[in-house]
Amino acid sequence: MDDVVISIEDAVISYREDVALQGVSLKVHRGDFIGIIGPNGAGKTTLLTVVNGLARLLQGEATVLGLAVNKQNSTRLRRRIGYVAQVENIDPRLPINVRETVMVGAYGRLGLFHRPSPAQWQQVDRILDVVGIAHLSRRPIGHLSGGEYQRAAIARAIVQEPEIFLLDEPTASIDERAQWEILDLIQLIHGKYHMTTLFVTHDLRQLPSTCQRLVLMKQGKIWRQGKPELIFEKNVLSQLYGVPVPMPLKAGSASWLHSSQ
Amino acid sequence: MAVLEYQFMQNAALAGLCGGITCSVVGVFVVTMHLSFIGVCIAHAAFAGALLGLFLGFDPLISALVFSLVSAGIIGPMADRGELSPDASIGIIFSLMLGLAFLFLGLMPGSRTEALNLFWGSILTVSRQDLVFLGGVTAVEIGLVLVFYKEIQAVVCHRQVALAVGIPATLIFYGLLFATGLTITASLRSIGGLLIYALILNPAAAAYQLTYSLRRMLLIASAFGVISCWAGLAASYLLDIPSGASIVITACVIFGVATAFSPKRKVKRWQRS
């Protein structure tokens with residue numbers, strides 16, 4: 001049991017009158033790649049914010065990387081957790097370039113009163129090369145396309161040298177080609193840096209093939225979980241989304257996405 | 001240049017230097033975070049506080065500082081918690097401060113010359129004590145920006161990301177709001193409560209049009225702030241017009257010119273096509 005890096009027990013979270021999570025329990029082992037799927041409003045994003053301490057637990061407890069998730073530990077924990085959200089609207093005139101944005105990932109770990117060293121800037125350049133946007137390093141961050149911006153966000157998370165990688169609909173609002181490129185990149189990064197990855201999506205076609213376990217969420221609860229090849233079934237998915245889900249799904253990168261049951 | 005031999009003019013030039021820099025630096029933060037209205041609101045809070053000080057008979061800068069810091073401390077959490085939209089919460093505090101300012105002004109007995117000076121400001125009559133306060137605030141502010149530059153850059157450009165990577169983003173954000181309050185209080189006598197936010201917004205907004213680097217934006221905005229103060233001061237002396245108004249009008253002209261020649265306008269046109 002030593003390799004459990006995320007342990008959530010009976011978590012309840014509420015935003016004013018809306019209960020976002022209702023008694024959710026989840027264990028994640030080091031190196032796992034977990035896909036979290038479900039309709040909008042199911043509590044997927046909230047579950048990620050439990051892990052990085054951005055949400056406040058009304059009930060239950062969470063332990064991440066051996067630390068209880070609470071106000072005292074949250075800043076320390078976030079330094080060890082990479083977080084990539086959906087593409088956000090960025091002001092095209094924002095006075096910061098891609099290289100500086102990526103370096104922000106290292107600032108939490110560097111701590112106050114320390115400046116990034118030349119070696120750390122070189123590391124940023126290497127990682128920009130890994131994610132394929134080294135040629136854009138001096139470009140203002142607001143001038144990137146959605147796909148390029150997500151590559152920068154992934155690079156920023158890698159610079160952080162995280163042990164856990166949280167991805168919240170990272171392929172939403174970007175074009176089809178960029179979506180598959182980002183998915184391939186995420187799988188490459190997961191393998192290369194041996195991270196524990198939690199990948200949230202509402203789009204079933206966007207599940208990477210490296211997913212070892214699927215967590216299906218509905219109405220703030222974990223409705224079902226298990227191995228993708230066992231759980232990715234027409235009736236289960238149709239019940240999850242409340243509408244008939246056609247199988248096989250088109251254009252999926254994972255072999256089990258094409259299974260017709 | 002003979003005019004600079006006068007003590008009052010030397011003081012005014014120094015106040016212009018410090019006020020121009022410190023107002024522009026906090027302006028860069030509020031403009032980049034799209035929180036310009038916060039500057040307006042805190043300026044009115046400082047003004048209302050100063051009038052209360054005058055009404056009760058103690059140093060108006062002390063009550064101006066308390067009011068501006070308290071308003072910054074209220075606006076931040078109100079906007080963050082989302083109980084009201086940020087513009088609504090800031091608007092409510094703004095209207096309350098304006099109401100209080102006029103209430104204290106109305107209750108004030110006798111001549112209101114000093115109160116009206118806080119309206120328009122009077123850089124030509126700035127005292128040695130005010131100058132020391134303004135210089136101290138400027139030095140502290142520059143020091144803090146140099147020490148915490150990377151955290152400030154992360155928070156003003158990517159606040160949610162800064163929070164997610166373990167930077168004390170909330171602390172830095174409130175620190176910036178308090179710095180805005182402190183700056184406004186320190187500049188109140190020289191620039192005036194109604195005009196101060198123009199000196200906060202205009203040089204920073206002009207610099208925002210010209211560069212994609214936060215470091216360069218801070219330098220350009222500071223230069224524009226000082227130029228606004230000094231050119232406004234010269235215009236005030238030469239044309240015998242109110243100094244606060246001439247400073248603000250100069251800052252507006254600089255913003256207009258910067259916008260007209262902004263390289264970023266090309267980006268906007270390119271994005272539309």
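All of the numbers you see were taken from the coordinates with simple rules; none came from a lab. From a predicted model like this one, the values you see are computed outputs, not experimental measurements. Cβ placement follows ideal geometry from the backbone for every residue including glycine, while neighbour counts extend to all protein chains displayed.
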- Item | Extended-chain gain in nm, criterion 0.36 nm per residue less alpha-carbon gap, A:GLU176 and A:ARG115 | 18.1 nm
- Message: From Cα pairs below 8 angstrom and at least 6 apart in sequence, can you work out the relative contact order of chain A, rounded to a whole percent?
- Response: 24
- Note on the structure: For B:VAL70 and A:GLN212, extending 7 Å from Cα along the Cα-Cβ vector and measuring point to point gives, in nm, a value of 5.7
- So how far apart, in nm, are the two label points at B:ALA234 and B:PHE8 if each is 7 Å from Cα heading toward Cβ? 2.1
- Sorted from largest down, what three extents in whole angstroms do the Cα atoms of chain A have along their principal axes? 54, 42, 37
- Query: Which helices count as membrane-span-like in chain B under these terms: full DSSP H, at least 30 Å along the axis by C-alpha, Kyte-Doolittle mean of 0.5 or more?
  - Reply: B:7-32, B:36-56, B:60-81, B:86-107, B:169-191, B:214-239
- Calculated FRET efficiency, B:VAL257 and A:ASP18, Cβ-Cβ r, R0 60 Å, to nearest 0.05? 0.75
- Counting residues in the stretch A:39-97 as N, plug N into 2.2 N^0.38 Å and put the Cα Rg over that result. 1.40
- Note on the structure: Long-range amide H partners of A:ILE36, meaning residues 5 or more apart or on another chain whose placed amide H is closer than 5 Å, are A:PHE199, A:VAL200, A:THR201, A:VAL215
- Note on the structure: Least to most buried among A:HIS190, B:HIS158, A:HIS114, by other C-beta atoms within 10 Å and fewest first, runs A:HIS114, A:HIS190, B:HIS158
- Query: Using helices alone, what [θ] at 222 nm do you get for chain B, with -39,500 (n - 2.57) per DSSP H run of 4 or more residues, divided over all residues and rounded to the nearest 500?
  - Reply: -27500 deg cm²/dmol
- For the stretch B:2-262, what relative contact order do you get, as a whole percent, if you take Cα pairs closer than 8 Å and at least 6 residues apart? 32
- Message: Over the Cα atoms of the stretch B:183-273, what radius of gyration and what Dmax do you get, in Å?
- Response: 14.5, 48
- Task: Quick one: go through the stretch B:47-64 and flag any residue whose amide nitrogen is under 17 Å from the point 7 Å out along the Cα-to-Cβ line of B:PHE102.
- Result: B:47-49, B:51-52
- Item | Computed E for A:GLN59/A:GLN225 - FRET, C-beta separation, R0 22 angstrom, nearest 0.05 | 0.60
- Task: Project the alpha carbons of chain B onto their principal axes and report the range along each, largest first, in whole Å.
- Result: 56, 45, 37
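Beyond 46 Å, what share of the Cα-Cα pairs of the protein assembly as shown is found? Please give it as a whole percent.
Working: 34733 of 142311 pairs.
More than 46 Å apart: 24 percent of the Cα pairs in the protein assembly as shown.
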- Across peptide A:67-79, how many C-beta atoms of other chains are within 10 Å of each residue C-beta, on average? 2
- Charge dipole magnitude, Cβ of K and R +1, D and E -1 - the protein assembly as shown, Cα centre, debye nearest 20: 860
- Item | Inter-probe distance in nm under a simple model that places probes 7 Å from Cα toward Cβ, at A:ASP203 and B:SER213 | 3.7
- Based on the alpha-carbon gyration tensor of the stretch A:1-142, what equivalent-ellipsoid semi-axes (square roots of 5 times the eigenvalues) come out, in whole Å, largest first? 32, 19, 15
- Task: Could you pull the Rg and Dmax for the stretch A:89-161, using just the Cα atoms, both in Å?
- Result: 11.6, 34
- Note on the structure: Percent relative contact order for the stretch A:89-161, counting Cα pairs under 8 Å at least six residues apart, stands at 52
